[in-house]
1. I'm told residue 169 meets every condition in (1) aliphatic (A, V, I, L, M); (2) without any contact (Cβ under 8 Å) to a residue 24 or more places away in the chain; (3) farther than 30 Å from residue 35 by Cβ except one. Can you identify the failing condition by its number?
2. Being over 24 Å from residue 106 (Cα atoms) and surrounded by 15 or more Cβ atoms within 10 Å (Cβ to Cβ) is the requirement here; does residue 134 meet it?
3. Against the condition outside any strand (DSSP E or B) and loosely packed, with under 13 Cβ neighbours inside 10 Å, how does residue 34 come out, does it pass?
4. For segment 88-99, check the following and say yes or no: at least one residue is buried (at least 19 other Cβ atoms within 10 Å of the Cβ), in a loop (DSSP other than H, G, I, E, B) and not aliphatic (A, V, I, L, M).
5. Using the structure shown, decide if residue 169 is of a type in the set (Gly, Ala, Ser) and assigned to a loop (DSSP other than H, G, I, E, B).
6. Can you confirm whether segment 132-149 contains a residue that is out of contact with any strand residue (DSSP E or B) (no Cβ under 7 Å at 6 or more places or on another chain), assigned to a loop (DSSP other than H, G, I, E, B) and more than 28 Å from residue 58 (Cα to Cα)?
7. So is residue 204 in contact (Cβ under 8 Å) with a residue 12 or more places away in the chain and closer than 28 Å to residue 104 by Cα or not?
8. As an exercise: evaluate residue 206 against (1) farther than 29 Å from residue 43 by Cα; (2) of a type outside the set (Ser, Thr, Tyr); (3) surrounded by 17 or more Cβ atoms within 10 Å (Cβ to Cβ); (4) at pLDDT below 95 and give the number of the one condition it does not meet.
Amino acid sequence: MAAGTVESSGGLFNGERDSGRGRRPMGEQPSRTEISRVLSHALRHAPGEYLLELDPEGWAPISDVLDALHRLGPGWAYVDEAVLREVLEASEKKRHQMSNGRIRAVHGHSVPVLPAEEPCTPPVVLFHGTARASLPAIRRSGLLPMKRQYVHLAETVEQAHQVGQRKDADPVILRIATDIAASAGVSFYRSASGVWLSGAIPASAVEVLDSGH
């Protein structure tokens with residue numbers, strides 16, 4: 001990486017930024033959506049690129065996160081703790097959490113962190129939406145976290161379908177028998193955002209439903 005640039009999920013901060021609406025000059029203020037996206041990249045996937053150090057549960061001091069954001073360019077100078085709170089409160093998916101001067105991503109990590117919650121008993125059935133092309137591998141090996149630390153599961157078919165559409169316009173919906181998975185040693189955690197997290201789900205606990213329409 002070239003000196004003086006910081007890589008994020010949306011590109012390189014090296015004088016201009018691709019915000020999804022075209023190129024944005026570096027001095028222009030980022031949108032709330034852009035701030036949320038960068039927070040997710042920093043706190044879920046690449047804290048080192050932002051010179052952040054997460055504790056075992058994924059928390060980072062808010063002051064350190066603000067320093068990291070301010071290093072992205074002049075346009076980020078207006079971001080303070082109040083702006084971060086606005087970003088978190090405006091998010092329907094509640095991807096981040098602030099408490100006692102710290103901030104963390106609630107789920108979705110690819111860097112290792114401890115579960116935010118204690119294991120708990122899940123509903124009898126949970127759901128997962130995914131691309132149809134993934135089905136052969138799931139039937140062979142079960143449902144795996146892949147690049148993330150945990151498998152993400154939903155409480156309703158509708159929620160699973162919405163998530164699955166990120167991977168496939170017509171996703172397949174998987175029905176997870178949590179009792180079978182638990183008997184195989186799988187632990188379940190309910191995140192603050194309502195998403196259920198688990199380890200790898202064995203194929204014996206996975207049933208293929210229709211596309212969710």
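1. Going through (1) aliphatic (A, V, I, L, M); (2) without any contact (Cβ under 8 Å) to a residue 24 or more places away in the chain; (3) farther than 30 Å from residue 35 by Cβ one by one, residue 169 breaks only (3).
2. Yes: the conditions hold for residue 134.
3. For residue 34, the condition - outside any strand (DSSP E or B) and loosely packed, with under 13 Cβ neighbours inside 10 Å - is not met.
4. yes
5. Taking the combined requirement at face value, the residue satisfies it.
6. Within segment 132-149 (the criterion being out of contact with any strand residue (DSSP E or B) (no Cβ under 7 Å at 6 or more places or on another chain), assigned to a loop (DSSP other than H, G, I, E, B) and more than 28 Å from residue 58 (Cα to Cα)), the answer is no, since none of the residues qualifies.
7. When the stated conditions are applied, residue 204 does not pass them.
8. (4)
The values are calculated or read from the model by the stated rules, or taken from the named source; none is laboratory data. The structure displayed is predicted, hence computed values, not measured ones. Neighbour counts are summed over all protein chains in view; Cβ atoms, including those assigned to glycine, are modelled from backbone coordinates with ideal geometry.
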